[in-house]
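The values are calculated or read from the model by the stated rules, or taken from the named source; none is laboratory data. What you see is a predicted model, and the numbers here were worked out from it, not measured in a lab. With ideal geometry, Cβ positions are generated from the backbone for all residues, glycine too; neighbour counts draw on all protein chains shown. Note: accessible area is taken over every heavy atom of the protein model, side chains too, but ligands, DNA and RNA are not part of it. Shrake-Rupley method; radii C 1.70, N 1.55, O 1.52, S 1.80 Å.
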Amino acid sequence: MGFGSHVLLFWLFQFVLLSSMLLKEAEAEQHLYNVTSLRGRKQVSGCNLFQGRWVIDPSYPLYDSSSCPFIDAEFDCLKYGRPDKQYLKYSWQPDSCAVPRFDGGDFLRRYRGKRIMFVGDSLSLNMWESLSCMIHASVPNAKTSFVRKETLSSVSFEEYGVTLLLYRTPYLVDIVKQKVGRVLTLNSIQAGKFWKDMDVLIFNSWHWWTHTGKAQPWDYIQDGQTLLKDMDRLEAFYKGMSTWARWVDLNVDPSQTKVFFQGISPTHYTGKEWNSRKKNCLGELEPLSGSTYPGGAPPAASVVNKVLSSITKPVYLLDITTLSQLRKDAHPSTYSGEHSGTDCSHWCLPGLPDTWNQLLYAALTM
């Protein structure tokens with residue numbers, strides 16, 4: 001074989017090698033894109049915001065509950081007699097990076113003239129009030145307007161034209177009054193017309209899917225053309241969430257609207273989940289150490305992952321489940337102005353939802 005043939009073979013080999021490398025890089029990028037659409041930019045930046053541990057931070061809390069005009073009685077634990085304050089002093093520390101400290105002034109400047117809407121149940125209310133208080137603490141003298149209604153509420157920071165809205169809809173899909181009674185319709189989202197043209201949407205659903213008896217606000221479930229007295233609640237949640245996913249794909253313009261899904265917020269009604277002899281969250285004074293929860297992930301979290309993997313539009317999962325499971329100490333328990341009994345499903349303000357909003361801020365700015 002001549003010298004020219006050896007040169008040709010050498011360059012042919014280099015070409016094949018380069019092509020193989022480029023193909024692998026393209027596959028890796030495609031994988032990152034797929035993960036990004038499900039999990040958000042935390043993978044692309046090399047920072048998993050949601051894997052980490054709780055550490056004591058003397059600079060917390062981020063605001064004083066008595067100076068925030070937006071907190072509901074059900075979340076105002078200090079006002080209603082909670083004696084311990086250690087739960088206010090924890091910040092979330094990811095393993096692989098630092099969370100930027102929340103800056104309400106920066107937030108207002110970035111989102112001047114924008115509308116940010118939380119859509120969901122009382123966990124959305126918890127997060128909406130938290131963000132309103134966090135921003136208010138940065139600009140305490142800013143002129144605000146505050147409207148609380150059953151379905152649509154808002155806090156506006158008028159000088160900046162920034163409006164934080166809350167649309168209350170526990171199932172995301174509709175409950176429709178029919179002749180037979182109240183019907184939970186798994187394939188209908190009429191309320192979606194109120195969510196259009198927002199700059200940021202943060203969705204949440206799950207807790208009400210488990211309600212039964214008098215706490216259940218519907219009489220029948222409609223699945224397609226079939227009317228049912230009841231069905232497996234996880235299956236119903238999956239079908240309702242799939243309807244929401246189709247709504248996102250059909251109605252969201254990613255160049256105008258960023259979409260988030262607030263991961264499943266855990267409850268702490270069963271002490272054995274975190275290897276405790278206590279019945280529930282009452283009297284819990286500190287988080288679990290480490291970064292894993294003994295009870296494992298709630299089944300609804302896998303439903304959320306499955307649905308998000310089917311959406312073609314970019315949706316960022318605020319994957320707050322595990323970090324919230326570690327905060328068995330952060331619930332109102334009996335220190336709530338509007339709950340009889342022990343509340344181990346909502347969260348004190350200031351408190352854990354402030355971290356959810358810090359992670360939202362990080363996702364929007366990093």
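How much net charge surrounds LYS143 when only other residues with a Cβ under 13 Å from its Cβ are counted (Lys, Arg +1; Asp, Glu -1)?
Working: positive: none; negative: GLU158, GLU159.
Taking every Cβ under 13 Å from that of LYS143, the sum is -2.
By how many nm would the segment from ALA215 to SER255 lengthen if fully extended, with 0.36 nm per residue of separation less the alpha-carbon distance?
Between ALA215 and SER255, full extension yields an extra 10.4 nm.
Rounded, prolate or oblate: which fits region 224-342 when a ≥ b ≥ c are the square roots of the eigenvalues of the alpha-carbon gyration tensor, with rounded for a/c under 1.5 and prolate only if a/b beats b/c?
Details: a/c = 2.21, a/b = 1.69, b/c = 1.31.
Prolate, since a/c reaches 1.5 and a/b exceeds b/c.
From largest to smallest, what semi-axes in whole angstrom does region 49-170 give when each is the square root of 5 times an eigenvalue of its alpha carbon gyration tensor?
Value: 24, 19, 16 Å, ordered largest first.
Could you give the longest part of the chain that holds none of the GluC sites (Glu not before Pro) found in DSSP loops with at most 16 neighbouring Cβ atoms within 10 Å?
Looking at the chain, 160-337 is the longest stretch - no exposed GluC sites (Glu not before Pro) with at most 16 other Cβ atoms within 10 Å.
Given 0.36 nm per residue, what is the gain on full extension from ALA73 to GLU159 after removing their alpha carbon distance, in nm?
Between ALA73 and GLU159, full extension yields an extra 28.2 nm.
By its C-alpha gyration tensor, with a ≥ b ≥ c as the square roots of the eigenvalues, how is region 247-287 shaped: rounded for a/c under 1.5, else prolate for a/b larger than b/c, else oblate?
Since a/c reaches 1.5 and a/b is larger than b/c, the shape of region 247-287 is classed as prolate.
Using only the alpha-carbon atoms, how far is helix 233-251 inclined from the longest principal axis of the chain? Give it as 0 to 90 degrees, nearest 10.
60 degrees
Could you tell me the relative contact order of region 324-366? Use alpha-carbon pairs under 8 Å, at least six residues apart, and round to a whole percent.
31 percent
Using θ = phi - 60° and the Karplus relation 6.51 cos²θ - 1.76 cosθ + 1.60, list the HN-Hα couplings for region 194-206 in order, rounded to whole Hz, with x at every Gly or Pro.
Taking θ as phi minus 60°, the curve returns 7, 9, 6, 6, 7, 8, 9, 10, 10, 9, 7, 6, 2 Hz for region 194-206.
Once amide H atoms are built 1.01 Å from N in the peptide plane, which residues 5 or more positions from PHE203, or in another chain, come under 5 Å H to H?
VAL119, PHE260, PHE261, GLN262
Considering the values (1) 20.1; (2) 21.0; (3) 22.2, which represents Kirkwood radius over Cα pairs in Å as calculated for the structure under consideration?
Of the labelled values, this structure produces (3).
For the cross-link pairs LYS143/LYS313; LYS239/LYS328; LYS193/LYS272; LYS85/LYS272, which exceed 32 Å when the distance is taken from alpha carbon to alpha carbon? It would help to have the intermediate numbers written out before the result.
Values: LYS143/LYS313 36 Å; LYS239/LYS328 30 Å; LYS193/LYS272 43 Å; LYS85/LYS272 25 Å.
Over 32 Å apart, Cα to Cα: LYS143/LYS313; LYS193/LYS272.
Against the longest principal axis of the chain, how steep is helix 352-365, in degrees 0 to 90 to the nearest 10, with axes from Cα atoms?
For helix 352-365, the angle is close to 30 degrees.
What distance in nm separates the simple spin-label points at MET366 and ARG148, each placed 7 Å from Cα in the Cβ direction?
So the label points at MET366 and ARG148 sit 3.3 nm apart.
Can you tell me the relative contact order of the chain? Whole percent, Cα pairs under 8 Å, sequence separation 6 or more. Write down the numbers at each step before the final one.
Details: 658 pairs, mean separation 83.8, N = 366.
For the chain, the relative contact order is 23 percent.
With unit charges on the beta carbons (Lys and Arg positive, Asp and Glu negative) and the dipole taken about the Cα centre of region 99-192, which residue among ILE135, GLY104, GLY192 sits farthest to the positive side?
Among ILE135, GLY104, GLY192, the one farthest towards the positive end of the dipole of region 99-192 is GLY192.
Helix 299-308 versus the longest principal axis of the chain: what is the Cα-based angle in degrees, 0 to 90, to the nearest 10?
On a 0 to 90 degree scale, this one is about 50.
For a quick protection proxy, order the peptides 208-214, 276-282 by their average other-Cβ count within 10 Å, most packed first.
276-282, 208-214
At what distance in nm do the modelled label points of THR226 and LYS89 sit from each other, each positioned 7 Å from its Cα along Cα→Cβ?
Each label point lies 7 Å from its Cα, and together they span 5.5 nm.
Quickly work out the LYS313-to-THR270 label distance, labels modelled 7 Å from Cα along the C-beta direction, and quote it in nm with one decimal.
Rounded to a tenth, the inter-label distance reads 3.5 nm.
Given axes a ≥ b ≥ c from the Cα gyration tensor, I'd like to know whether region 176-284 is rounded (a/c under 1.5), prolate (a/b larger than b/c) or oblate.
Because a/c hits 1.5 or more and a/b fails to exceed b/c, region 176-284 counts as oblate.
Can you give the net charge of the other residues whose Cβ lies under 13 Å from the Cβ of SER336, counting K and R as +1 and D and E as -1? Write out the running numbers ahead of the final one.
Details: positive: LYS79, ARG82; negative: ASP72, GLU74, ASP76, GLU338, ASP343.
That works out to -3.
Please list, by residue number, everything in region 92-124 whose backbone N is under 19 Å from a paramagnetic label point 7 Å out along Cα→Cβ of LYS196.
Counting backbone N atoms under 19 Å from the label point, the list is 115-119.
Normalized C-alpha radius of gyration of region 95-156, against 2.2 N^0.38 Å?
Numbers: Rg = 13.2 Å, N = 62, 2.2 N^0.38 = 10.6 Å.
Against the compact-globule rule of thumb, the ratio is 1.25.
Please list, by residue number, every one of the trypsin sites (Lys or Arg not before Pro) in region 282-366 that is coil in DSSP and has at most 12 other beta-carbon atoms within 10 Å. Can you show the working numbers first?
Details: sites: LYS306, ARG327, LYS328; in loops: ARG327, LYS328.
Loop-located and lightly packed - none at all.
Please identify which residues in region 63-78 have an amide N closer than 17 Å to a label point set 7 Å out from the Cα of ASP57, following the Cα→Cβ vector.
Output list for this probe position: 63-65.
Keeping all protein chains in the complex and leaving out DNA, RNA and ligands, what accessible area do you get for ASP197 with a 1.4 Å probe, in Å² to the nearest 10?
The value for ASP197 is about 100 Å².
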